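Heads up: the structure comes next, in structure tokens.
Every number in this text was worked out from the coordinates using simple rules, so none of it is lab data. What you are looking at is a predicted structure, and each value in this text was computed from that prediction instead of being measured. Cβ placement follows ideal geometry from the backbone for every residue including glycine, while neighbour counts extend to all protein chains displayed.
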Amino acid sequence: MADDFNVGDTVQLNSSGPKMTIDSLGVEHHFTKTQGAHCSWFEGNKKQQAWFVLTSLKKFDASSGQTDED
């Protein structure tokens, strides 16, 4: 799963939402060792950031304007 994503990829949550950029990839250690991505996106002029489990993300294809799963 981690090999499917790279820093700089544009992604979106599987359930839709804003297009986001992967800033870093790693393992979350707080509760379980889960592979995830630290992502950022903008809401208006405000930059937002959050950590997402990789299985909750899908790549966004900018050339077609669709995610890989559409």
### Query
So which lysines pass the test for residue 46, namely a Cα distance under 18 Å, with those fewer than 8 places away in the same chain ruled out?
19
### Summary
Distance in nm between residue 55 and residue 28 label points, each 7 Å along Cα→Cβ, equals 1.2 nm
